[in-house]
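Pasting in a structure now, in structure tokens, and then I'll have a few things to ask.
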Amino acid sequence: METIKTLNKWANVNTALPIDMLRIGLGVFLFIKGINFMTSSQILVDLLTPFQNWGGSMLILHYVAPALFIGGLLIIFGLLTRWASLAQIPILIGAIAINFFGEIHLLDLAIATITLFISLFFLIYGSGKNSADYYFKKQQ
């Protein structure tokens, strides 16, 4: 817990607008992906065809779209950013795995990998100064 507090203090002192813009951009990207999967669930079903014989594919189908949608909103506002980023990690690892078990699409693989690294960054860094987390912490 001390490590998280130390990292949070460092993030609040060294925050910059470009990092906040990166957080908002990540949130918008995840939000749009969530909407995309909600409006056309057949895309998600087609993506999961390499895993159709594995157990829990329906669970995955019902987890991915809402987690992207809600997690994207939380990341945009900087509310529970670490938790929202943590919820994205299994989805992004699955997106990378789909490229190796199914047909490899280099662009999708690159986007999933970059998004995974950005999510890992915000899992460690937190939401920064221009966020709802920081605002609520100052109100206490």
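The values are calculated or read from the model by the stated rules, or taken from the named source; none is laboratory data. On a predicted model such as this, the values are computed, not experimentally measured, just so you know. Neighbour counts are summed over all protein chains in view; Cβ atoms, including those assigned to glycine, are modelled from backbone coordinates with ideal geometry.
Being within 30 Å of THR6 (Cβ to Cβ), surrounded by 13 or more Cβ atoms within 10 Å (Cβ to Cβ), aromatic (Phe, Trp, Tyr) and at pLDDT below 85 is the requirement here; does TYR134 meet it?
The answer is yes for TYR134.
Another question, if that's okay. Would you confirm whether or not the range 95-105 contains a residue that is under 11 Å from the mean Cα position of the chain (by Cα) and at negative phi?
No, that holds for no residue.
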